[in-house]
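Below is one structure, written out as structure tokens, with a few remarks after it.
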Amino acid sequence: MTPVIERLRFLIQIASMSVISSTSILKKERLIIVWLLIGVVMLIFQILLGAITRLTGSGLSITEWKPLLGAIPPLTEKAWQESFEKYQQIAQFKKLNSHFVLSDYKSIFFWEWFHREWARLIGLVFIIPFIVFIIKKRISRRMIVPLIILFVLGGLQGLIGWIMVKSGLNDTDVVVNHVKLAIHFISALVLLVYLQWFTMKLAVPVNQIRYGRGLRITTSILLMLLFLQMIYGAFMAGSHAALYGATWPDINGQIVPASMFSSTATTWVLINDPIVIQFIHRGLAYLIALLIIVWFYQAGKIEQKCWVRKYRGLVLLLVTVQVVLGILALLNSMYSHAIYYAVLHQFVGILLLLAVVAGAFLIRRNPSYYNHP
């Protein structure tokens, strides 16, 4: 069997959950694992919906936060007009979208409503099966606390999202605050990674966990850099930094922005100057790509049968595609089709993060950490 076919077979096994052990404990937990995996997929889709909502300028279209009643969109022409009138009171309409008619408003309303509606659906997909599993005694006592933490993180994510939206509902700003956007984005990633880790604790056989000191250190550094990169990706999006320097490999003819080292430069420029934000985002991308090459080499020293060695090529492929998509998103940022590159760029970035988190799970100091919660 060729190496390519072997890797494809391995990935299909993972997707079909055939890698789950057949022990009686895991047979009992298999439905829970599938439930959690559905949650992972739904969260990824929710994050991408957030990206589309931001890229279409839809995030401020709904000026109220109604966790329950907000599930129902305007149903009459009068209700639509009242919602549109509330939108007309904020700066985004007055300064940016004053040409909008009701049909234009409905188009941006849809994405924000869909984003919120999907969040409500995620809540139902978690809460209803959780209650059923409790009644049927499929959830052990050790699972309850992690699941409660998961629910709390999900609730906080909704609250943070509204705080972010509220930052743009005023008479001066046409977009939400980019720092609050970053907090909202990172909190969503924390929720996603927490769910992934918890799912892997249930699904991954203990014999797949290995200890490699060098690989473990590299993985830890990669995780820190990836989260920092995600923060600056949110800064890029929130400040529209790509539009200030849509050139590559230079930034408007410069390699290093002059404002970064000027005599008046402060830490303020690191999170507010669009050119500096773009420079840091680019630099982190190159650093992460180089570090993943090192990670790929180190993972190749692990035993052949271990998953972390089998999927190391996927991690290298993801970072390559991610860098290419980042460049394409930048160079096309002035055009309407840039949204497709931007969403793909974010999607692959999420997959890369999850792949590195999986590596962190599989390469740990103490394999006895593995326990079925």
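Quick look at the values:
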{"read-out": "Between segment 189-245 and segment 69-106, the alpha-carbon center distance in angstrom", "value": "38 Å"}
{"read-out": "Derived scalar couplings ³J(HN,Hα) [segment 81-94; Karplus, 6.51 cos²θ - 1.76 cosθ + 1.60; whole Hz; x for Gly, Pro]", "value": "5, 5, 5, 5, 5, 5, 5, 5, 7, 9, 5, 4, 6, 5"}
{"read-out": "Reach of K137 by Cα under 30 Å, taken over lysines that are not fewer than 8 positions away in the same chain", "value": "K27, K28, K201"}
{"read-out": "Above-threshold pairs, the threshold being 28 Å between Cα atoms, out of K66/K106; K78/K180; K136/K305; K66/K180", "value": "K78/K180; K136/K305"}
{"read-out": "Choice from I221, I32, I186 with maximal GNM fluctuation in the chain (Cα, 10 Å cutoff)", "value": "I221"}
{"read-out": "FRET efficiency, V294 to R364 (Cβ-Cβ, R0 30 Å, nearest 0.05)", "value": "0.95"}
{"read-out": "Spin-label pair I221/V101, simplified geometry with 7 Å Cα→Cβ offset, distance in nm", "value": "5.9 nm"}
{"read-out": "For segment 202-219, 3J(HN,Hα) per residue [Karplus equation, 6.51 cos²θ - 1.76 cosθ + 1.60, θ = phi - 60°, Hz, x = Gly/Pro]", "value": "8, 9, 8, x, 4, 6, 8, 8, 10, 10, x, 4, x, 5, 5, 5, 4, 5"}
{"read-out": "Mean Cβ neighbour count within 10 Å, used as a protection proxy, ranking 335-346, 142-153 highest first", "value": "335-346, 142-153"}
{"read-out": "Two-decimal log10 I(q)/I(0) for segment 225-373, as the Debye equation yields it once each C-alpha is a single scatterer, q = 0.11 Å⁻¹", "value": "-0.50"}
{"read-out": "Cα shape, the chain, gyration tensor, a/c 1.5 rule", "value": "oblate"}
{"read-out": "Gain on full stretching of the segment that runs from F114 to Y340 - 0.36 nm per residue minus C-alpha separation", "value": "79.5 nm"}
{"read-out": "Spin-label zone in segment 165-180 - amide nitrogen under 11 Å from a point set 7 Å from the Cα of A91 along the C-beta vector", "value": "167-177"}
{"read-out": "Within straight-line cross-link reach of K301, lysines at Cα separation under 17 Å, skipping those fewer than 8 residues along the same chain", "value": "K310"}
{"read-out": "Nitroxide proxy distance, nm - points 7 Å out along Cα→Cβ at V40 and Y286", "value": "3.4 nm"}
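Read-outs throughout are calculated quantities, based only on the coordinates presented, and are distinct from any laboratory measurement. Note that the coordinates shown come from a computational prediction; the quantities given were computed from them, not determined experimentally. Every residue, glycine as well, gets a Cβ built from its backbone with ideal geometry; the counts of neighbours run over all protein chains shown.
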